[in-house]
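Asker: Quick one: the structure is below, and I'll ask about it shortly.
The values are calculated or read from the model by the stated rules, or taken from the named source; none is laboratory data. Computed from a prediction, not measured in an experiment: that's the story for all the values here. Using ideal geometry, Cβ is built from the backbone for each residue, glycine included, and neighbour counts are taken over all protein chains shown.
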Amino acid sequence: MMRAAIAILLLLIFGGVRLPLEIHLAQEQQSAGFHSATLNLPLREQIGQLGFVAALSGFRSLVAAYLWIEANSAFENVEWGRMAGLFQTVTTLQPKSILYWDMSGWHMAWNAANNAYEDKSQASEVLRMRAQRQYWNLGRKFYEDGLKANPDSGELWARYGDLLSQKYEDHEGAFHAYETASTKNDARPQYHRQAAYELAAVPGKEREAYQFLKSIYDLGPSQRMPSIIHDLKLLEEKLGIPPDQRIEKKAAH
């Protein structure tokens, strides 16, 4: 604790020197959305007096980085509640960091949730499942808050799709998340394909999913992934596609 206090005091000394420059920089960053977090009383309670003053002095990123290290220490000690609180503070200080939002959501919805369910010190499976879902919901909130702050992040939309698909089995919601991810500037090719896979898992959307997957298949051999072919063949059977229109027939020519 003493080492942390000394480190923050040193930051404050440098902060006093650069404060006039920080004020001008803050005005520019505010217009770009980099200071959407509010330095208010709840945040002061979370990071303490020295950390709060350091953040005011223009050292949000350094305070957030320090607290991120503390959060990882909490992870190693299986202190999930403390880790969640630290993640909340970090993302409040740095709302434009995709990494912080993504890792916070992942730790809650995957690591903490899995640990809660596997904790055999709680004999009741019902209670373990309830705790697991509570951590899913914490992870979901991190992703949804992160998307409010970063709506143009394809990566964050895709990770949100992972959560909806793998934890909630909400395939229609995951389809929309992946499809949104595929429209962003940082989109990866697999986002569009993943949207098609999710649509194929939605009851009643078989025809739409077949057309979606077929449009990807028709782009050429580079797009004909084993999973694309597998899902298309299943849908061909379900929908009763005529033999001469099936992909194996076309592949033979």
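Asker: Of the conditions (1) surrounded by 14 or more Cβ atoms within 10 Å (Cβ to Cβ); (2) without any contact (Cβ under 8 Å) to a residue 40 or more places away in the chain; (3) not polar (S, T, N, Q), residue 66 satisfies every one except a single condition; which number is it?
Answerer: Going through (1) surrounded by 14 or more Cβ atoms within 10 Å (Cβ to Cβ); (2) without any contact (Cβ under 8 Å) to a residue 40 or more places away in the chain; (3) not polar (S, T, N, Q) one by one, residue 66 breaks only (2).
Asker: One residue is enough: does the stretch 128-138 have a residue meeting the conditions over 18 Å from residue 101 (Cβ atoms), of a type in the set (Lys, Arg) and part of a loop (DSSP other than H, G, I, E, B)? Give the derivation first.
Answerer: Start the filter on the stretch 128-138 by keeping residues that are over 18 Å from residue 101 (Cβ atoms), which leaves 128-134.
Filter again for of a type in the set (Lys, Arg), leaving 128, 130, 133.
Of the ones still in play, those that are also part of a loop (DSSP other than H, G, I, E, B) are none.
No, the stretch 128-138 contains no residue that is over 18 Å from residue 101 (Cβ atoms), of a type in the set (Lys, Arg) and part of a loop (DSSP other than H, G, I, E, B).
Asker: At pLDDT 95 or above, over 17 Å from residue 195 (Cβ atoms) and surrounded by 19 or more Cβ atoms within 10 Å (Cβ to Cβ): is that true of residue 138 in this structure?
Answerer: So residue 138 fits the description; yes.
Asker: Restricting to the stretch 142-161, name every residue that is free of Cβ contacts under 8 Å to residues at least 12 places away in the same chain and not in a loop (DSSP other than H, G, I, E, B).
Answerer: Hit for the stretch 142-161 is 148, nothing else.
Asker: Quick test for you: out of 238, 214, pick the one residue that is crowded, with 16+ Cβ neighbours inside 10 Å and part of a helix (DSSP H, G or I).
Answerer: 214
Asker: For the stretch 93-123, which residues satisfy the criterion of being farther than 25 Å from residue 153 by Cβ, touching a helix residue (DSSP H, G or I) at 6+ places or on another chain (Cβ under 6 Å) and not in a loop (DSSP other than H, G, I, E, B)?
Answerer: Selection gives 116, 117.
Asker: Determine whether residue 164 is free of Cβ contacts under 8 Å to residues at least 12 places away in the same chain and within 15 Å of the chain's Cα centre (by Cα).
Answerer: no
Asker: Quick check, is residue 65 assigned to a loop (DSSP other than H, G, I, E, B) and modelled with pLDDT under 90?
Answerer: no
Asker: Given the structure, is residue 223 out of contact with any Gly (no Cβ under 7 Å at 6 or more places or on another chain) and at pLDDT below 95?
Answerer: Against the criterion (out of contact with any Gly (no Cβ under 7 Å at 6 or more places or on another chain) and at pLDDT below 95), residue 223 qualifies.
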